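Working notes, beginning with the structure itself.
The values are calculated or read from the model by the stated rules, or taken from the named source; none is laboratory data. Model, not experiment: these values are computed from the prediction. We place every Cβ from the backbone using ideal geometry, glycine too, and count neighbours over all the protein chains shown.
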Amino acid sequence: MAHIVMTSQRKSGNDLDGPVKRRAIDFLDTLQNNESAAIPLIESVSGARDDRVRVSRIGLGHTAILFSVTPTGGGEASYVYMGAWPDEAAGELAPRAGLQVNPVNGVLDLIVHDDQPQGTAPDLARAQTRSSYLTGLGFTTEQLTQELGLDATLAERALAASDDHMINTIAADVDGWQGHALLELACGVSIDDIREKLRLTENPVDPSLAEDDQILQALEHPASQIQFNYIGDDADELRRVIEGGSFAAWRTFLHPEQRAYADKHYNGAFRLSGGAGTGKTVVALHRARNLWRHNPDARIVLTTFNRTLARQLHADLQTLEPGITIAAKPGDIGVYIDGVDKLASDVLVRARELAPVTEAVLGSATELSSRRTDTLKVWREITKSVDTDLDPRLATPAFLDNEYTAVVLANQVTTVADYAKVARAGRGVRLNRSQRIAVWKLIEAFRRRSRMDGTVSFPEVLALAAEYLRRRSNAGEPFIADHVIVDEAQDLHATHWAMLRALVAEGPDDMFIAEDSHQRIFGQPVVLGRLGVKIVGRSRRLTLNYRTTAENLKFAVDILSGADYHDLEEAEESTHGYRSARTGPEPILLACTSLSDELDQVAARVRSWLDEGVEPSSIAILTRGKNDRSQFVRALGERGIQARVLDDNPAGPGHVQVLTMHRSKGMEFAKVILAGVDDAHVPAKSVLNEAPEEERAEAELRERSLLYVAASRARDQLVVTWSGRRSALLQAVPQ
């Protein structure tokens, strides 16, 4: 049976129309499982630079290009599938295509010769003497070509570039490890650090072997696997890779850094940070798959901030590994996937006697209900009906809910005496004794009201689940998980972490945490070390963005400028080194004369995209609030554009998606319009006005993060509109 090796290229022949994709799948499936039947369909290429190159006409006016690689002594052949192109284009491309093992680092390179004179040593020397960005950083021709292994012509272009933006543009057209290396160079990363990141020190190739054998060895190089990967003998896997297109490449092709974090064993909890689109979720999914493959009997929990994001994790994991065992409930063998609040509820479902647990957490034996408290509504009613001397600026649902969660539930405070002396680490507002008594009066009223309504709040459920799990382990019962993987961890609060820590015993590979503190749009900051999650040096950061273009990334990062962020270990969080593997159009900023004008301009922009053939569901309009969201849906409908609200429902084809900025977390769209980004809506005045003065800066930080999250949802084109005065959060963005 032949082996199929797929290639990932930015400008590839893999993004095909549906019928052509099916022809390509059928051809490769035949080649893989019935090679003798496929051989007559494959032809050599006259005058080819590489005698391994082959072509096969797959029909519908398209030709596949591939390379035949055969080990010495016979054995099963490997076919490296380059892609399929229209017949004429394939006929022009195939003779120039070739495979080559890089003599410096042993990585397999896919080369397309341009038949132009190659750069000579004097050319490279002249490039070095010109005023350029890389020479200004101290890089030399010898370093780029002889130490790193860059193609000589590519090195010449990079050394001639006047700034990092030009290098980024060059890198966007270069596939495989060399494009990634250029992006690192543009950030001033040293040659040694680039070699370490790309694992270029791991050269598996034996130069004494025949050329085909060297190519087969080079396919095992971690940096080769950015661009090349074997496909299993499963036709469904072949179909997934081809039908997925370039934006599903994460399922097959990983950067060596990502692969290392997904594969490596750690002595304890590990934290992976990184900006939007850097692949943290991808690594988390691959890690879940790898842990399951290593031990199919393991009990793995994969969880995230909410059920909407969890549903996407569930779908993506099954796409990545269709045969993976999905656990129905926590504690079952396989991978349990759900939102962290649902996880806590499912933990309590298995509990037998909860009276001691509720007494420890809530102060009295309480029968638990499956109904959840409408938290903010209850706090609003209580602050209006319960008479206290509490300062009005503190008698707000936001402050009280955070205080109840972060201080009372996190510390299992059940009496006013305990609350009067408990430490309130991380809370911005200081409370004297009389203020604490007033706050406690409201907390007691909240608890009474919830019990009368027969409801339990989500933070209470989490605190109860944590206490139940602690009591189980203290009684000598086994922990209910072997591994816990947490995505979007920056938005979790103290009771979330108490429950997650109690799920699994401290030890090797216990917790894997993916987070980006720049995307924290809910709750208050926490410090993992104070919550029993010990990272102690097991922390790494991803900086290469795969989702957004360099232009959109710069816009999003500019929103964060001037603000101070800290990660889950209380270290300063920076955007330094963030860069994108893609380029595209500059973001468009549209100042509108009125709301009516803004609605017209948004509709006109959407109409122009639809007329270009853009799939409606890949277009999204993001608003700050739900009222604005509904207004834009109506306005688009009145202008003949089918649009729908995206809330708890999944995105579907045929409609433009209109959603809040909060709902957009974890999503991506080809075209994005951020609408209503004026000083009346962004930041939301109601949010800032409800925050006590001591916590206002934190509220402003969340609003800034929200706009950053929204801007980073755009893969290709970003448009920002407003009427009136544009938001102050855009002040760092050029007009």
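Summary of values
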read-out	value
Boolean, Arg702 is assigned to a strand (DSSP E or B), at pLDDT 90 or above and touching a Gly at 6+ places or on another chain (Cβ under 9 Å)	no
Top-ranked residue of region 581-627 - restricted to ones that are of a type in the set (D, E, K, R) and buried (at least 18 other Cβ atoms within 10 Å of the Cβ), ranked as modelled with the lowest pLDDT	Arg582
Candidates Glu359, Glu381, Glu403, filtered to the one that is acidic (Asp, Glu), under 14 Å from Glu460 (Cα atoms) and surrounded by fewer than 17 Cβ atoms within 10 Å (Cβ to Cβ)	Glu359
Residue in region 25-44 that is buried (at least 16 other Cβ atoms within 10 Å of the Cβ) and closer than 15 Å to Gly91 by Cα present	yes
Listing of helices (runs of 4 or more DSSP H) fully contained in region 395-492 that carry 2 or more residues being among the small types (Gly, Ala, Ser)	416-421, 433-453, 458-474
Any chance Val439 is buried (at least 19 other Cβ atoms within 10 Å of the Cβ) and touching a residue at least 12 places away in the same chain (Cβ under 8 Å)	yes
Test for Thr543: is it surrounded by fewer than 22 Cβ atoms within 10 Å (Cβ to Cβ), in contact (Cβ under 8 Å) with a residue 24 or more places away in the chain and not aromatic (Phe, Trp, Tyr)	yes
Filter pass, Glu695 being in a helix (DSSP H, G or I), in contact with a helix residue (DSSP H, G or I) (Cβ under 9 Å, 6 or more places away or on another chain), surrounded by 17 or more Cβ atoms within 10 Å (Cβ to Cβ) and modelled with pLDDT of 90 or more	no
Region 522-540, residues that are under 20 Å from Glu196 (Cα atoms) and either in contact (Cβ under 8 Å) with a residue 24 or more places away in the chain or in contact with a strand residue (DSSP E or B) (Cβ under 8 Å, 6 or more places away or on another chain) (or both)	Arg538, Ser539, Arg540
Sole residue being farther than 21 Å from His113 by Cβ, crowded, with 18+ Cβ neighbours inside 10 Å and modelled with pLDDT of 95 or more, chosen from Ser78, Ser56	Ser56
Check on Gly323, surrounded by 22 or more Cβ atoms within 10 Å (Cβ to Cβ) and either over 29 Å from Ser580 (Cβ atoms) or not hydrophobic (A, V, I, L, M, F, W, C) (or both)	no
Matching residues in region 326-362 - criterion: being assigned to a helix (DSSP H, G or I), of a type in the set (Gly, Ala, Ser) and within 31 Å of the chain's Cα centre (by Cα)	Ala344, Ser345
Test set (1) at pLDDT below 95; (2) assigned to a helix (DSSP H, G or I) - Thr548 fails condition number	(2)
Among (1) touching a residue at least 60 places away in the same chain (Cβ under 8 Å); (2) of a type in the set (D, E, K, R); (3) part of a strand (DSSP E or B) - the single one Arg49 does not satisfy	(3)
Test: residue in region 151-169 that is in contact with an Asp or Glu (Cβ under 9 Å, 6 or more places away or on another chain) and within 16 Å of Gln258 (Cα to Cα)	no
Conditions (1) under 24 Å from Arg22 (Cβ atoms); (2) in contact with a helix residue (DSSP H, G or I) (Cβ under 6 Å, 6 or more places away or on another chain): number failed by Leu108	(1)
Unmet criterion (only one of (1) part of a strand (DSSP E or B); (2) farther than 30 Å from Thr549 by Cβ) for Phe27	(1)
